[in-house]
1. Given the pairs LYS335/LYS500; LYS225/LYS313; LYS179/LYS335; LYS176/LYS500; LYS60/LYS446; LYS209/LYS425, which are separated by over 24 angstrom at their Cα positions?
2. Would you work out what percent of the accessible area of the range 550-608, with all protein chains in place, is carbon or sulfur (probe 1.4 Å)?
3. Hey, what's the range 433-497 come to in accessible area per residue, 1.4 Å probe, Å²?
4. With every protein chain present, what accessible area does SER421 have (1.4 Å probe, heavy atoms only), rounded to the nearest 10 Å²?
5. Within 10 Å, count the other beta carbons around each residue, average over each peptide in 442-448, 101-107, and list them highest first.
6. Probe of 1.4 angstrom, ligands and nucleic acids ignored: what's the accessible area per residue over the range 121-256, in square angstrom?
7. Not counting ligands, DNA or RNA, and with a 1.4 Å probe, what is MET408's accessible surface area in Å² rounded to the nearest 10?
8. Arrange the peptides 151-163, 69-81 so that the one whose residues have, on average, the most other Cβ atoms within 10 Å appears first.
Amino acid sequence: MLGKGVVGGGGGTKAPKPSFVSYVRPEEIHTNEKEVTEKEVTLHLLPGEQLLCEASTVLKYVQEDSCQHGVYGRLVCTDFKIAFLGDDESALDNDETQFKNKVIGENDITLHCVDQIYGVFDEKKKTLFGQLKKYPEKLIIHCKDLRVFQFCLRYTKEEEVKRIVSGIIHHTQAPKLLKRLFLFSYATAAQNNTVTDPKNHTVMFDTLKDWCWELERTKGNMKYKAVSVNEGYKVCERLPAYFVVPTPLPEENVQRFQGHGIPIWCWSCHNGSALLKMSALPKEQDDGILQIQKSFLDGIYKTIHRPPYEIVKTEDLSSNFLSLQEIQTAYSKFKQLFLIDNSTEFWDTDIKWFSLLESSSWLDIIRRCLKKAIEITECMEAQNMNVLLLEENASDLCCLISSLVQLMMDPHCRTRIGFQSLIQKEWVMGGHCFLDRCNHLRQNDKEEVPVFLLFLDCVWQLVHQHPPAFEFTETYLTVLSDSLYIPIFSTFFFNSPHQKDTNMSSPKRGFFREETDHLIKNLLGKRISKLINSSDELQDNFREFYDSWHSKSTDYHGLLLPHIEGPEIKVWAQRYLRWIPEAQILGGGQVATLSKLLEMMEEVQSLQEKIDERHHSQQAPQAEAPCLLRNSARLSSLFPFALLQRHSSKPVLPTSGWKALGDEDDLAKREDEFVDLGDV
């Protein structure tokens, strides 16, 4: 698994090769021999990375309170990252962070990971953008992985302040061209030394053979066929070069409306039912074209409405489900709960934290996604229905829901390789617009919607509720979410396979239009709409199916359903709270509990050995075997992103009950033991 390494794959002399996120092992990432040095502090540059600007005598706050502890050093900006190089490296690299990333250091921020930049002017915090007339005395950077960095510039030379602040604002906020991304500089400069194990690799779905293998694995090859009609992207740039359609469907139908209105196969169930997706037909057609569309859809209907399935269930995700605007708004509110500048701010919001969490609606959106996936699972598993997912371009909510359904129904997708192959099939080859949805080019904030992060959060709910069912842990998911913003590997930096393969799409246009009128109304005519079940009947079937499954013992190698009642949908603490020391429980959490159990087992074993020795011999007792897990009380509830501390005095609670909680300084004085993360 990913462990503590970076995730990704790619390289080459032209565009980054199609690759999944876990192909390159940490030891295969090489730093450039070129180094920039000052005093004894070294800035390591990756192949193709260039230093742009820097400032000396910058104070990085370790925490932000009245004491204002910090470390002096250099703040630098390259075309890949912002980095702080402390004059006293030992003060920064104190081994308190157990997680180590081989590409991004503890004090590094990739340019794509910067969310907002603030400046403090006369104790007032203001958002920074564009050209500044006045430069701040303090720089605050909020990151998309929810880290918060604060730099004091009071002791830095004025010219250096102007250069570094202007450089950071420009290289993180200004719109970019696709080919100016660091991804391409790295691909050109780095050697392509990717090594893959043929027995243990992610299926890339970039060949006809891969799709045929998936059809055979799911036993869908009796009713569906892999086609190469879009080879070279000659029919549609939105679709992959190869995909799967119903066997009776003539390949020329795919070309009729450039891939729109075509049922594309996602997955087949053991009982023969299948999950399909379809993008909407073009709008604003004249009467003649409308008649052609009707005739075309009648043929499609007959193709997918075949025995032994009496009906086909359609799910119009664009009009009967979440909107992208809802997701964007909810996450914008939700993330503010975790972008904490200081201890005082944390405790000030503590009293209303749950009400703020509820008002963000993020957890409710997760619940709705899981519920929709269970509804579709019930249709396929219990009623032997084909399910057809509809969306304007079938590349956002279709990716999300189809992936969740497969995760619940197919145990192969719950293995590490199966999960990576699922993402490659449904998201990368499915044409999810990572470039736009992550706003990597900073060209349109309205298109920035964390659909993939929402998917990972839904997956985390399943992993959290049923850990034995998965071959990977929440740490794997956390690192996967972080890799969205590391512009070295090509997995999450393109809008489509065509864009990845050719790099010829216009950098000034996204693949998506404005989301304001994104609803699909009557696009597929009355014929398809008749297939939708009544909501009352669907609700009854869902509840019976849901309750019946949860009343039985769980088969972790079979169907897997999450609990979706209100209290069961939780905050993904490891990802969202890992940078907030106040939210961590030192000596607490599941890892710490397991550590204590193992420590007790070692003690019992040692005592048993002593008893046996005294019973069988009169010799002096042998030296006690060392206990490998002693002094582990300081493991944190957010392991392995743990043991972050603010060097401040005890925070002031908004209530008078702090003293009643006892003195935690005793716990803080215990000796640390740092556990190597290894494979997670």
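The values are calculated or read from the model by the stated rules, or taken from the named source; none is laboratory data. Model, not experiment: these values are computed from the prediction. Neighbour counts are summed over all protein chains in view; Cβ atoms, including those assigned to glycine, are modelled from backbone coordinates with ideal geometry. Surface accessibility is based on the protein's heavy atoms, side chains included, excluding ligands, DNA and RNA. Shrake-Rupley method; radii C 1.70, N 1.55, O 1.52, S 1.80 Å.
1. In this structure, LYS335/LYS500; LYS179/LYS335; LYS60/LYS446 lie more than 24 Å apart at Cα.
2. C and S fraction of accessible area: 62 percent.
3. Heavy-atom SASA per residue in the range 433-497 reads 19 Å².
4. Roughly 10 Å² of SER421 is accessible to a 1.4 Å probe.
5. Values: 442-448: 16.0, 101-107: 18.0.
Going by the mean number of other Cβ atoms within 10 Å, highest first, we get 101-107, 442-448.
6. Working: 7380 Å² over 136 residues.
Accessible area per residue, the range 121-256: 54 Å².
7. 0 Å²
8. The packing order, highest mean first, is 69-81, 151-163.
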